[in-house]
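K.L.:
Structure in structure tokens, see below.
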Amino acid sequence: MGSKPTAISPDNTQFVVLSFEGPDRYSLAGGLGVRVSNLCESLATSGYQTRLIFVGDPKQPGEEIRNEGKLVLHRWCQWISGYYPDGVYQGENEKLYDFNESVPWFVCDRIVKPAVEQNKLVVVLGEEWHTAEAMCRISDLLHSNGLRDRAVMFWNANNTMSFDRINWGRLAYTTRITTVSRYMKHIMSRMGIDPLVIPNGIPNSLLGRVPSRAAEVFRRSINAELVLAKVARWDPDKRWNMAVEAMARLKSRGKKAVLLARGGIEPHGQEVLYNARSLGLKVSDVRAQGNTFMDYVQAIREGDGADVLNLRFHCPMSLLKSMYHTSDAVLANSGHEPFGLVGLETMAAGGIAFTGSTGEDYAIPYRNAMVMETADPKEIETHISYLDQHPEERRRMCLAGRGTAGEYVWEKVIKNLIRKLEYQAMLQGLLALTRAIQEQRREERNCPPPEQLRLPIPVGSG
């Protein structure tokens, strides 16, 4: 093999990412699909050979090569997905069984073994509870084939969902556990788990300026003094009721305010909209006739007169950027938020994010965001009124928010990830130990450096 390298690089490392969600519309159910898609794209753009194994659209090719060969998509469970056309989580248990039974051997035989023959390191990244069992089985297979120490394995928790279905002792023994925020780390620490924190990221492209003409057209399509936006699953943790109650408070003060609401398919949405109507708010379902920017604008314009516009169409990021940029407040006011991607996307678009105070490590109140400390709708109302009366503060916070978003682009997050992977690879003996790592390991063992271990030679000894 020759001398060991001291760093992970595209020349000596391949990545394999396991996830239920992925880049297909069929596979995009929430923030996980966005995270995984952008992570893999960024790794490939950085030069790393990357493979993504996910539950893909049954009508798409089983294997697809992108990014000039650097990114390979492996659409898994397609034979099952053909019976479940309504998305990645329909037929979830059947897909999970197939994923656990077939992915581990594929990773071991078709990816790790050939990579080792080329004298390369393999990094296997598993995302969320669906991949926990597969990651354990991959570790077992690699061990039985004498290859476990040739792969670095990180499993990441994006949320606490289905934590009760994970064998934590086995997972912690076979992989290194990571998570996306200090908030999640503290939750997991109470469970006896000590994860590394590697934050989420956003594509660098989101930092691009929103065209002023598009922003003007979008804002003028909404006949209101104040425009609020909320994009989230219909889930009690997202505090939708807090948002509509704040809208009712603004309306009672004589403010013409409109809430652009984009939820999911969850049944809690019916409760939220019923609550909105009970508070005297007019709710209108908005459907677009096409998928162009002007189709979306026209659909929103036709909802004129409603206090809550329930957007019943897919909102691409190009539309969301205009929405986040032009809204007076983007309500990412969750009571439990592991990271808070919408808040960061809002900052990148030059908008004002109203975040919760859980996993949004990046949000600093009155500096780059408004941070909700309670579930009281009056808090939203008060902060909106403050910004409405202090436009210079709003402009300053928007600028600060864009600066913050720039620190969380995937290129920078990946550098963080690589450094932590390198440390793990050094512990496994895959990379040569640097002086810094040697010193860190000595400190962990409370050992003095070698020069302090030399015993003095007794005077007069021969």
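Values in this text are rule-based calculations from the coordinates and carry no lab data. As the structure is a prediction and not an experimental result, all values here were calculated from the model. Positions of Cβ are generated from backbone atoms using ideal geometry, with glycine treated the same way; all protein chains shown enter the neighbour counts.
K.L.:
Could you work out how far the C-alpha centroid of segment 108-132 sits from that of segment 27-74, in angstrom?
P.N.:
Rounded to whole Å, the Cα centres lie 15 Å apart.
K.L.:
Determine, from the Cβ-Cβ distance of residue 412 and residue 318 and an R0 of 25 Å, the FRET efficiency 1/(1 + (r/R0)^6), rounded to the nearest 0.05.
P.N.:
E between residue 412 and residue 318, to the nearest 0.05, is 0.60.
K.L.:
Related question: With angles folded into 0 to 90 degrees, how steeply does helix 240-252 sit against the dominant principal axis of the chain? Use alpha carbons for both and round to 10.
P.N.:
On a 0 to 90 degree scale, this one is about 30.
K.L.:
Would you work out if segment 13-201 is rounded, prolate or oblate? Take a ≥ b ≥ c from the square roots of the eigenvalues of the alpha-carbon gyration tensor; rounded if a/c is under 1.5, else prolate when a/b is larger than b/c, oblate otherwise.
P.N.:
Here segment 13-201 falls in the rounded category.
K.L.:
Using the Kirkwood formula on the Cα atoms of segment 206-406, what hydrodynamic radius do you get, in angstrom to one decimal?
P.N.:
Hydrodynamic radius (Kirkwood, Cα pairs) of segment 206-406 is 16.6 Å.
K.L.:
Next question, about the same structure. I'm a student and want to see the number: the projected area of the Cα convex hull of segment 381-432, averaged over all directions, in nm².
P.N.:
Projected area, direction-averaged: 5.6 nm².
K.L.:
Now for a separate question. How far is it, in nm, from the label point at residue 366 to the one at residue 173 when both lie 7 Å from their Cα along the line to the Cβ?
P.N.:
Inter-label distance under the simple model: 5.2 nm.
K.L.:
Among 204-211, 123-130, 349-356, 317-324, how do they line up from the highest to the lowest mean number of other beta-carbon atoms within 10 Å? Spell out each step's value before the answer.
P.N.:
Values: 204-211: 14.8, 123-130: 24.8, 349-356: 26.6, 317-324: 21.4.
Answer by packing, highest mean first, reads 349-356, 123-130, 317-324, 204-211.
K.L.:
Are any of the pairs 185/412; 59/113; 59/321; 4/415; 120/420 more than 23 Å apart by Cα-Cα distance, and if so, which?
P.N.:
59/113; 59/321
K.L.:
Could you give the length gained on full extension between residue 189 and residue 217, defined as 0.36 nm per residue of separation minus the Cα-Cα distance, in nm? Please report the intermediate quantities before stating the final value.
P.N.:
On the way: separation 28, 0.36 × 28 = 10.08 nm, distance 4.80 nm.
Extending this stretch completely gives an extra 5.3 nm.
K.L.:
Post the alpha-carbon centroid distance, segment 214-284 to segment 350-422, in whole angstrom.
P.N.:
Using only Cα atoms, the two centres lie 20 Å from each other.
K.L.:
Give me the one-decimal Kirkwood hydrodynamic radius in Å for the chain, with the sum taken over alpha-carbon pairs.
P.N.:
24.1
K.L.:
Also: Among DSSP beta bridges whose residues both lie in segment 13-201, state the antiparallel percentage, nearest 5.
P.N.:
Antiparallel bridges make up about 10 percent of those DSSP assigns within segment 13-201.
K.L.:
A further question follows. Specify the angular offset, from 0 to 90 degrees and rounded to the nearest 10, of the alpha carbon long axis of helix 268-278 from the longest principal axis of the alpha carbons in the chain.
P.N.:
Long axis of 268-278 versus the principal axis of the chain: about 30 degrees.
K.L.:
Using the alpha-carbon atoms, what tilt in degrees (0 to 90, nearest 10) does helix 377-389 show relative to the longest principal axis of the chain?
P.N.:
Value to nearest ten degrees: 80.
K.L.:
For labels at residue 252 and residue 392 in the simple 7 Å Cα→Cβ model, what's the distance in nm?
P.N.:
About 3.3 nm, to one decimal.
K.L.:
Along Cα→Cβ, 7 Å out, is where each label goes; now give me the distance between the ones at residue 265 and residue 162 in nm to one decimal.
P.N.:
The answer from the label model is 1.6 nm.
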